[in-house]
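Input: a single structure, listed below in structure tokens.
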Amino acid sequence: MSEIRLPPIRLSHLGICVLDLPAMEAFYVNVLGFSVTDRGSTLGFDLVFMSRDPNDHHQIVLSTGRPRDLPINTVNPMFGPVINQISFALESLGQLKTMVQYLRATYPAELLIGNHGTAWSVYFDDPEGNKIEVFVDSDWYVPQPVFEPFDIDRPEAEILADTERMCRAFPGFMLASEWRRQVSPRIAEARERIAP
Ligand SMILES: [Fe+2]
């Protein structure tokens, strides 16, 4: 019998159970710029499919059917009880600064802004308490987790210089490009799975 190899799977989309489907749809469309690609009902639930990329029919799918009495996370109130974060990548620190301005102008949520060394992030809740992260990667690697609050309203050059200084002081610092080079074989090896 020939060997059975794990096919190349790709992380694609996320489904979220919701209480208030119109409110959640409005958030993902109006605040995060998703487009509704399909909607309908099946198996007794209402679904809204949405995407920001024509290559993915849906990147987020909202479905009714969230239990009304779902407990909040009392151990770590920062996050939901199961989903820790739903994270969106930007391409530059300038875009992250603009995103913060956009959020302040459009969405009344408390923003938690932090520097991971490897990335700068803004965290806030969607209307049903799922934690959203919008982030941009830096050019540096430091072993995670790291979280340092920082003032995103400072000039970009100052944030960059401060972050590089912070990163270079960490044990285990390296350039992000070097980290990617080092982690690549490990990831490639983990993907190679053959059924026993
Ligand atoms: Fe994250």
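Here is how the numbers come out for the structure above:
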{"item": "Pair list, Cβ < 9 Å and 6+ apart or interchain, from the stretch 77-100 residues that are closer than 30 Å to Arg66 by Cβ and without any contact (Cβ under 8 Å) to a residue 12 or more places away in the chain to residues that are assigned to a loop (DSSP other than H, G, I, E, B) and more than 13 Å from the ligand (Cβ to nearest atom)", "result": "Pro81/Leu70; Pro81/Pro71; Pro81/Ile72; Pro81/Asn73; Pro81/Thr74; Pro81/Val75; Val82/Asn73"}
{"item": "Tally, over the stretch 101-141, of residues that are more than 16 Å from the ligand (Cβ to nearest atom), in contact (Cβ under 8 Å) with a residue 60 or more places away in the chain and touching an Asp or Glu at 6+ places or on another chain (Cβ under 8 Å)", "result": "2"}
{"item": "Wholly enclosed strands (runs of 3 or more DSSP E) of the stretch 21-79 bearing at least 1 residues over 23 Å from Met99 (Cβ atoms) and under 19 Å from the mean Cα position of the chain (by Cα)", "result": "45-51, 60-64"}
{"item": "Any hit, the stretch 166-178, residues being within 14 Å of Ser121 (Cβ to Cβ) and either out of contact with any Gly (no Cβ under 7 Å at 6 or more places or on another chain) or in contact (Cβ under 8 Å) with a residue 24 or more places away in the chain (or both)", "result": "no"}
{"item": "Unmet criterion (only one of (1) part of a loop (DSSP other than H, G, I, E, B); (2) of a type in the set (Val, Ile, Thr); (3) away from the ligand (no atom under 16 Å from the Cβ)) for Ile83", "result": "(3)"}
{"item": "Per-region count, the stretch 59-94, residues closer than 22 Å to Phe135 by Cβ and of a type outside the set (A, V, I, L, M, F, W, C)", "result": "11"}
{"item": "Only one of Ile187, Ile159 that is surrounded by 12 or more Cβ atoms within 10 Å (Cβ to Cβ) and within 22 Å of the chain's Cα centre (by Cα)", "result": "Ile159"}
{"item": "Unmet criterion (only one of (1) touching a His at 6+ places or on another chain (Cβ under 7 Å); (2) surrounded by 15 or more Cβ atoms within 10 Å (Cβ to Cβ); (3) not aromatic (Phe, Trp, Tyr)) for Met24", "result": "(1)"}
{"item": "Which listed residue, of Ser2, Ser41, is of a type in the set (Ser, Thr, Tyr), surrounded by fewer than 18 Cβ atoms within 10 Å (Cβ to Cβ) and at pLDDT below 95", "result": "Ser2"}
{"item": "Failed item in (1) under 30 Å from Gly80 (Cα atoms); (2) surrounded by fewer than 17 Cβ atoms within 10 Å (Cβ to Cβ); (3) charged (D, E, K, R), with Arg181 passing the rest", "result": "(1)"}
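The values are calculated or read from the model by the stated rules, or taken from the named source; none is laboratory data. What you see is a predicted model; the values in this text were computed from it and never measured. So basically every Cβ, Gly included, is an ideal-geometry build from the backbone, and we count neighbours across all protein chains shown.
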